[in-house]
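Asker: Could you have a look at this structure, given as structure tokens, before my questions?
Every number here is computed from the coordinates shown, using simple stated rules; none is lab data. Quick caveat, the model's predicted, so the values are computed rather than measured. Here the Cβ positions follow ideal geometry from the backbone for every residue, glycine too, while neighbour counts run over all protein chains shown.
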Amino acid sequence: MSGAPAPGFKREAGVPSSSVPAPLREIGFDQNLDAPVPLDTLFRDESGRTVLLGDYFGSRPVVMVFAYYDCPMLCTLVINGLSSALKTLSLSPGQDFEIVTVSFDSRDTPASASAKKAAYLERYRREGAAQAWHFLTGDQASIDRLTKAAGFRYVWDKATNQFAHPTGVIVLTPDGRLARYLFGIEYGPRDLRFAIVEASAGRIGTAVDSLLLYCYHYDPMTGRYGFAIMRAMRIAGAATVFALGGFILIMVRREKRSRTPLSPRIPNPQSRPSRASGRPDFTEGRMPDGPR
């Protein structure tokens with residue numbers, strides 16, 4: 001969840017090598033699932049315009065990532081992993097979801113946000129990404145308000161002159177509720193797609209996605225989707241019952257058809273053979289013409 005310490009990280013004197021360094025004890029994700037984030041929080045976008053966080057919510061799920069733009073290692077890996085996973089998805093940015101990157105360093109500026117956005121648009125290269133991927137900066141009060149609501153805990157480490165922070169992305173519903181946390185620096189395209197589709201409450205995705213979401217279950221401990229054996233067995237059992245029922249119905253119909261007797265053909269008494277047929281004509285008691 002947190003990633004490794006940055007190069008040059010120093011342990012406190014007398015602390016065993018197996019112990020977690022003090023700054024890393026303070027960081028992590030508190031999974032505030034289904035809790036809302038403050039959509040009225042003010043930020044600045046990459047162009048320097050003052051915006052509300054809620055400007056990016058309303059109709060589509062939002063993939064949110066916390067990163068500071070001068071981070072020498074982990075933040076870059078997190079956004080790299082996100083962009084790599086997004087590239088493999090058939091879902092379209094701006095139509096199916098929005099992406100919001102929020103800096104938790106109040107020293108970051110719209111200029112640094114703009115430079116970071118340009119770099120990742122070059123990497124992502126998907127139609128609509130320029131309008132759908134937003135890089136925000138803000139003052140400390142706004143940052144604290146949002147990170148606290150999202151459960152993102154980070155600290156400043158004076159020894160390395162860097163932030164210690166967890167690694168992961170958060171998927172939110174269109175109305176701004178925390179839906180899913182995906183941990184690490186690499187994200188499975190299947191997990192990311194499931195999280196976005198599930199956060200949309202069925203507004204996006206296909207029938208296959210709905211079926212797979214029934215078979216795969218989100219595990220908050222790992223931040224991944226695992227195969228739900230019992231659900232899959234229920235689906236397999238139901239499919240077997242329907243298949244057997246269909247087979248029995250077809251066989252019963254075939255048996256009924258084979259037992260149905262053919263109706264005999266009854267000649268019509270009103271019908272008389274034609275003279276042109278060459279057969280004798282015995283109508284009205286007359287004998288056929290011929291030698292007597």
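Asker: Loop only by DSSP, 13 or fewer other Cβ within 10 Å of the Cβ. Give me the chymotrypsin sites (Phe, Trp or Tyr not before Pro) in region 22-113 that pass, ordered by residue number.
Answerer: Listed in order of number, the matching sites amount to none.
Asker: Quick check on region 22-204: take the gyration tensor over C-alpha atoms, sort the square-rooted eigenvalues as a ≥ b ≥ c, and tell me if it's rounded (a/c under 1.5), prolate or oblate.
Answerer: Taking the square roots of the gyration eigenvalues as a ≥ b ≥ c, region 22-204 is rounded.
Asker: In addition: What order do you get for 101, 109 when you list them from fewest to most C-beta neighbours inside 10 Å?
Answerer: The order, fewest Cβ neighbours first, is 109, 101.
Asker: Just want the ordering: 51, 63, from fewest to most Cβ atoms lying within 10 Å of their own Cβ.
Answerer: 51, 63
Asker: How far apart, in nm, are the 7 Å Cα→Cβ label points at residue 160 and residue 49?
Answerer: Result for the modelled spin labels: 3.7 nm.
Asker: Among 70, 108, what is the fewest-to-most ranking by other Cβ atoms within 10 Å?
Answerer: 70, 108
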